[in-house]
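These notes concern the structure reproduced below.
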Amino acid sequence: MSPLTITTRDAATGPVLEITGDLDHHTAPELRKAVDGLAVAAGQLLVLDLADLEFCDSSGISALLAARSVAVEHGGGIALAAVPANTVRILHIVGLDQVFALHPDVATATARDSAAH
């Protein structure tokens, strides 16, 4: 089990959270807390960088959905960047690839034309 590390930085399009380690039943509340503490303004895009995500279970998926809800409540959007193949597969199976904008990397997700999504 890898500990969860969440690093926050700002991009021109809005906040970016770099999520490293395991996003599971034990660590999902950490992501929820990090997102709750963000200022996502109307029109901004919350980007979750999952390049170093090692594991994601159903609690992790629920935390991703909660992050989406927070962004949408503030009039913003959400994008997932560099999603590992096993997590993309899960998102596809449950239809969440239709709910989240998926990008190959953070640079693509935070490009001005992507932020309009």
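What tally of residues in region 1-45 results from selecting those that are of a type in the set (A, V, I, L, M) and in contact with a strand residue (DSSP E or B) (Cβ under 6 Å, 6 or more places away or on another chain)? Lay out the reasoning, then the answer.
Taking region 1-45 first, the residues of a type in the set (A, V, I, L, M) are 1, 4, 6, 11-12, 16-17, 19, 23, 28, 31, 34-35, 38-42, 45.
Keeping just the survivors that are in contact with a strand residue (DSSP E or B) (Cβ under 6 Å, 6 or more places away or on another chain) gives 1, 4, 6, 16-17, 19, 23, 34, 38, 40, 45.
Matching residues across region 1-45 total 11.
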Tell me, yes or no, whether region 70-83 has at least one residue that is surrounded by fewer than 17 Cβ atoms within 10 Å (Cβ to Cβ) and either on the phi > 0 side of the Ramachandran plot or not in a helix (DSSP H, G or I) (or both). yes
Which pairs have Cβ atoms under 7 Å, sit 6 or more apart or on different chains, and link a residue in region 43-66 that is over 17 Å from residue 10 (Cα atoms) and modelled with pLDDT of 95 or more to one that is open to solvent by 60 Å² or more (accessible area, probe 1.4 Å) and not in a helix (DSSP H, G or I)? 57/25; 59/25
Condition first: aliphatic (A, V, I, L, M) and over 14 Å from residue 4 (Cα atoms). Now tell me which residues in region 36-63 satisfy that. 38, 39, 40, 41, 42, 45, 46, 47, 61
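Inside region 5-69, counting only strands (runs of 3 or more DSSP E) that do not spill past its ends, which hold 1 or more residues that are crowded, with 23+ Cβ neighbours inside 10 Å? Talk me through it step by step, then tell me what you get.
Numbers: elements: 5-11, 14-23, 45-56.
So the answer is 14-23, 45-56.
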For residue 8, only one of the following conditions fails: (1) in contact (Cβ under 8 Å) with a residue 40 or more places away in the chain; (2) closer than 22 Å to residue 111 by Cβ; (3) within 13 Å of the chain's Cα centre (by Cα). What is its number? (1)
Scanning region 103-117 residue by residue, those out of contact with any Ser or Thr (no Cβ under 7 Å at 6 or more places or on another chain), at pLDDT 95 or above and surrounded by fewer than 19 Cβ atoms within 10 Å (Cβ to Cβ) turn out to be 104, 105, 107
Residue 38 in contact with a Gly (Cβ under 8 Å, 6 or more places away or on another chain) and free of Cβ contacts under 8 Å to residues at least 60 places away in the same chain: no
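The values are calculated or read from the model by the stated rules, or taken from the named source; none is laboratory data. Note that the coordinates shown come from a computational prediction; the quantities given were computed from them, not determined experimentally. Note that each Cβ is placed from the backbone with ideal geometry, even for glycine, and that neighbours are counted across all protein chains shown. Calculation scope for accessible area: heavy atoms of the full protein, side chains included, ligands and nucleic acids excluded. Shrake-Rupley method; radii C 1.70, N 1.55, O 1.52, S 1.80 Å.
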